[in-house]
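Below is one structure, written out as structure tokens; comments come after it.
The values are calculated or read from the model by the stated rules, or taken from the named source; none is laboratory data. Everything numeric here is computed off the predicted structure, so don't read it as measured data. Note that each Cβ is placed from the backbone with ideal geometry, even for glycine, and that neighbours are counted across all protein chains shown. Side chains are part of the model used for accessible areas, which takes the heavy atoms of the whole protein and leaves out ligands, DNA and RNA. Shrake-Rupley method; radii C 1.70, N 1.55, O 1.52, S 1.80 Å.
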Amino acid sequence: MATVQFEAVSKTYPGGVRAVEGVELLVEDGEFVVLVGPSGCGKSTTLRMVAGLEEITGGTLRIGGRVVNEVPGRDRDVAMVFQNYALYPHLSVRQNMAFPLERRREHGGLLARLTSGSAAREEDARIAAEVERAAQVLGITALLERKPSALSGGQRQRVAVGRALVRRPAVFLFDEPLSNLDAKLRVEMRAELKALHQRLGATMLYVTHDQEEAMTLGDRLVVMDGGAVQQCASPREVYERPSNRFVAGFVGTPSMNFLEGKMEGGRLQVPGAQPLELGGRHRERGGGLVLGVRPDALRRAQGAEEAMLHARVALVEDLGDRCDIRLEVEGDQELVARRPASELESWEALEAGTVVPLTFDREEAHLFEPGPHGVRCG
Amino acid sequence: MRTRGSQLVVLALLALGAVLMLFPLWWMLVVSLETPANAGAATVEVGALSLFPAEPQWRNWVDAMRAVGTVEWEGFLDALANSILVTFLTVTATVLSCSLVGYALARTRFRGRATLFGIMLATMMLPPQVTMIPMFLVFRELGWVDTILPLVVPALFGNAFFVFMFRQFMAQVPEALVEAARLDGCGHLGVWWRVMLPLCRPVVAITAVFTFIFVWNDFLGPLIYLHSEDKATLAIALNSFRNQYGGLEDVQYLMALSLVTMIPCILLFLVAQRQFIEGLGKGAVKG
């Protein structure tokens with residue numbers, strides 16, 4: 001196991017396109033860190049730089065304290081699980097899993113193998129034992145003689161993990177490994193991966209665009225956008241105290257509601273809402289500010305005095321165990337409220353266009369500077 | 001949806017085509033098994049040809065093989081061994097060199113790659129007759145005349161058509177497979193040998209079969225470069241045999257030896273038929 005340290009790591013493609021910019025990150029030994037963000041945010045490029053599949057054009061990358069910028073991927077002691085599994089179709093599961101160990105043995109020297117028959121046989125036995133052990137851990141022993149084409153998606157994914165596992169690498173890299181699986185299998189495999197990490201205690205770097213996957217798997221999340229790290233923290237902290245408006249909007253389903261307002265006399269004036277009294281350091285400021293409220297924090301006010309804003313009901317969506325209510329406030333700003341299924345009937349009883357009073361707890365409100373990446377200020 | 005009538009028409013046309021293609025083979029087979037008198041008559045007049053000889057003369061085949069060259073059996077066995085050696089080496093060299101160049105053009109990035117690929121494709125427009133004399137002069141300077149080297153060594157430098165096929169096929173292999181192999185410890189040669197070549201089996205088959213047929217039947221190359229009788233290939237031996245037994249009274253021997261020469265090609269096609277057709281299909285779709 002090893003640490004992975006990014007020191008101002010950047011990637012600029014020929015032609016000047018900057019895919020990753022100044023990433024600073026320390027992945028601790030045995031930690032499960034998830035890189036998450038929308039398509040094109042630079043998360044996969046970052047992972048591929050760790051694997052040695054992309055050249056690092058700026059900064060320093062260390063694995064286990066050793067600078068690896070110029071070290072080929074095969075010599076970095078990392079193993080990667082690819083999105084489309086990347087199993088060798090002409091080899092059986094057993095041969096697929098043994099492949100990296102066989103190559104490592106070849107690097108040990110052909111001559112040494114030929115001159116020492118007993119050592120070669122021992123090595124063969126060791127490789128076979130490693131493959132059996134990994135197959136047992138992943139529950140794929142019965143599949144060892146099959147070809148990848150005869151496996152289901154979930155089985156292929158297990159084999160891909162197995163191929164990484166047999167190497168006992170310092171760092172495991174996962175590039176959206178569950179995105180080709182159906183929803184049910186994805187949840188199962190997620191739990192298996194989590195259990196595997198707990199069992200191995202290995203350093204793992206995992207890339208996904210699925211924030212639910214990220215929240216459930218990671219010890220820490222690294223939220224990326226535009227090639228830069230937006231926030232690096234525990235899933236709980238990312239959810240409860242997003243560092244900027246992008247993170248707040250990306251993490252959580254449905255997305256956080258944002259209402260653009262203006263500071264006047266220490267109060268935040270949002271169209272269609274009661275002025276929101278902001279204490280402390282906001283008292284003196286003016287200009288624009290963005291109010292953020294998570295959908296599950298938004299509820300119907302019991303009386304006029306409790307109402308913090310008014311909105312028109314646009315649509316009520318029944319999701320079984322809960323319901324989403326889509327609302328519109330003055331200035332064409334849209335809101336979503338997520339309520340328990342027990343409230344469904346009362347919401348459905350309202351006609352579209354009905355104005356309802358809404359409220360939320362002051363502690364659950366987030367404040368951001370204006371702009372898509374406006375930083376958190378309260 | 002095709003109607004039954006149109007299917008019958010298609011079948012009839014295909015059957016007619018098959019008969020036309022198979023007629024010369026059948027004619028050769030029948031003549032090779034006839035007595036000298038009947039064989040001569042069948043050569044002059046097709047009507048004299050029976051569907052199958054009443055008394056097949058199987059000895060014609062043995063006698064024909066024995067009669068090749070100046071020493072009994074030796075001429076034929078030498079020619080057979082030479083053909084096998086030249087064909088084996090050329091097929092192996094062609095498959096290895098073309099797939100390696102195809103890999104380089106499909107999977108490695110280097111300055112001038114597209115230009116080199118274009119130049120290589122342009123060589124397909126060059127008729128082999130144009131390079132024949134310069135190549136002969138080069139090989140003569142190297143002292144390679146009357147050796148198999150001029151027939152084998154050029155195969156180590158690839159063939160534009162097969163390189164193109166390999167390149168197109170390899171370009172379709174998912175990049176993740178190559179990356180996985182690199183992380184698993186393969187260099188470029190390892191990726192080519194352990195991942196790409198096994199995946200390119202249909203293209204390997206088509207390259208091997210085409211090259212085999214071309215080299216096995218090649219007459220001009222061995223005629224130019226191989227002069228000694230003990231170095232002759234089957235094609236040269238067959239030509240010498242024709243000069244010796246080309247008359248009407250000996251035509252059954254000539255047909256028998258021609259069929260013996262063809263057997264490996266027919267067997268190879270039958271064995272590799274599935275791969276061969278798959279390879280042609282893939283070449284057509286992906287090329």
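Points worth noting:
- Extreme residue, farthest from B:LEU257 (Cα to Cα), among residues of the stretch B:72-85 that are among the aliphatic types (A, V, I, L, M) and open to solvent by less than 70 Å² (accessible area, probe 1.4 Å): B:ALA81
Residue-by-condition table, conditions (1) assigned to a helix (DSSP H, G or I); (2) closer than 18 Å to B:TRP61 by Cα; (3) open to solvent by 50 Å² or more (accessible area, probe 1.4 Å):
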residue: B:SER6; (1), (2), (3): yes, no, no
residue: B:LEU13; (1), (2), (3): yes, no, yes
residue: B:VAL19; (1), (2), (3): yes, no, yes
residue: B:VAL31; (1), (2), (3): yes, yes, no
residue: B:GLY47; (1), (2), (3): yes, no, yes
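- Search result, residues across the stretch A:57-72 that are surrounded by fewer than 21 Cβ atoms within 10 Å (Cβ to Cβ) and either assigned to a loop (DSSP other than H, G, I, E, B) or within 14 Å of chain B (Cβ to nearest Cβ) (or both): A:THR57, A:GLY64, A:GLY65, A:ASN69, A:GLU70, A:VAL71, A:PRO72
Let's see how each residue does on (1) over 27 Å from A:ARG18 (Cβ atoms); (2) aliphatic (A, V, I, L, M); (3) modelled with pLDDT under 90:
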| residue | (1), (2), (3) |
| --- | --- |
| A:GLN157 | yes, no, no |
| A:VAL166 | yes, yes, no |
| A:ASN180 | yes, no, yes |
| A:GLU188 | yes, no, yes |
| A:TYR206 | no, no, no |
| A:ASP219 | yes, no, no |
| A:MET224 | no, yes, no |
| A:GLY227 | no, no, no |
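- Cβ-Cβ under 8 Å pairs, at least 6 apart or on other chains, the stretch A:84-108 side free of Cβ contacts under 8 Å to residues at least 12 places away in the same chain, far side hydroxyl-bearing (Ser, Thr, Tyr) and crowded, with 17+ Cβ neighbours inside 10 Å: A:GLN95/A:TYR88
Residue by residue, here is whether (1) surrounded by fewer than 21 Cβ atoms within 10 Å (Cβ to Cβ); (2) away from every other protein chain (no Cβ under 14 Å); (3) touching a Leu at 6+ places or on another chain (Cβ under 9 Å); (4) among the basic types (Lys, Arg) holds:
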position	(1), (2), (3), (4)
B:GLU175	yes, no, no, no
B:VAL191	no, no, yes, no
B:PRO198	yes, no, yes, no
B:VAL204	no, no, yes, no
B:ASP230	yes, yes, no, no
B:THR233	no, yes, yes, no
B:TYR253	no, yes, no, no
B:ARG274	yes, yes, no, yes
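- Residues (within 13 Å of chain B (Cβ to nearest Cβ) and open to solvent by 10 Å² or more (accessible area, probe 1.4 Å)) located in the stretch A:38-56: A:SER44, A:ARG48, A:GLY52, A:LEU53, A:GLU54, A:GLU55
- The single condition from (1) surrounded by fewer than 21 Cβ atoms within 10 Å (Cβ to Cβ); (2) more than 15 Å from the chain's Cα centre (by Cα); (3) closer than 28 Å to B:ILE266 by Cβ that B:ILE213 fails is (2).
- Residue match in the stretch B:238-248 (condition: away from every other protein chain (no Cβ under 14 Å) and within 20 Å of B:THR90 (Cβ to Cβ)): yes
- When B:LEU85 is tested against the conditions (1) modelled with pLDDT of 95 or more; (2) farther than 17 Å from B:LEU226 by Cα, the lone failure is (2).
- The criterion of at least 3 residues that are more than 14 Å from chain B (Cβ to nearest Cβ) is met by the following helices (runs of 4 or more DSSP H) wholly inside the stretch A:73-168: A:110-115, A:117-138, A:153-165.
- Summed over the stretch A:219-228, residues that are within 20 Å of A:MET49 (Cα to Cα) and surrounded by fewer than 23 Cβ atoms within 10 Å (Cβ to Cβ) total 5.
- Among the residues of the stretch B:154-173, those that are among the hydrophobic types (A, V, I, L, M, F, W, C), open to solvent by 10 Å² or more (accessible area, probe 1.4 Å), over 30 Å from A:SER44 (Cβ atoms) and in contact (Cβ under 8 Å) with a residue 40 or more places away in the chain comprise B:ALA155, B:LEU156, B:PHE157, B:ALA160, B:PHE162, B:PHE164, B:MET165.
- Selected residue (only one of B:GLY69, B:GLY75, B:GLY112, B:GLY102 is within 27 Å of the chain's Cα centre (by Cα) and on the phi > 0 side of the Ramachandran plot): B:GLY69
- Number of the condition not met by A:PRO370 [criteria: (1) under 27 Å from A:VAL238 (Cα atoms); (2) of a type outside the set (Val, Ile, Thr); (3) free of Cβ contacts under 8 Å to residues at least 60 places away in the same chain]: (3)
- Among the residues of the stretch B:49-61, those that are surrounded by 13 or more Cβ atoms within 10 Å (Cβ to Cβ) and within 30 Å of B:ASP78 (Cα to Cα) comprise B:PRO56, B:GLN57, B:ASN60, B:TRP61.
- Screening the stretch A:200-319 for strands (runs of 3 or more DSSP E) wholly inside it with 3 or more residues that are farther than 30 Å from A:TRP347 by Cα and within 19 Å of the chain's Cα centre (by Cα) returns the ranges A:203-208, A:220-225, A:228-233.
- Qualifying residue in the stretch A:21-37 (condition: open to solvent by 70 Å² or more (accessible area, probe 1.4 Å) and part of a loop (DSSP other than H, G, I, E, B)): yes
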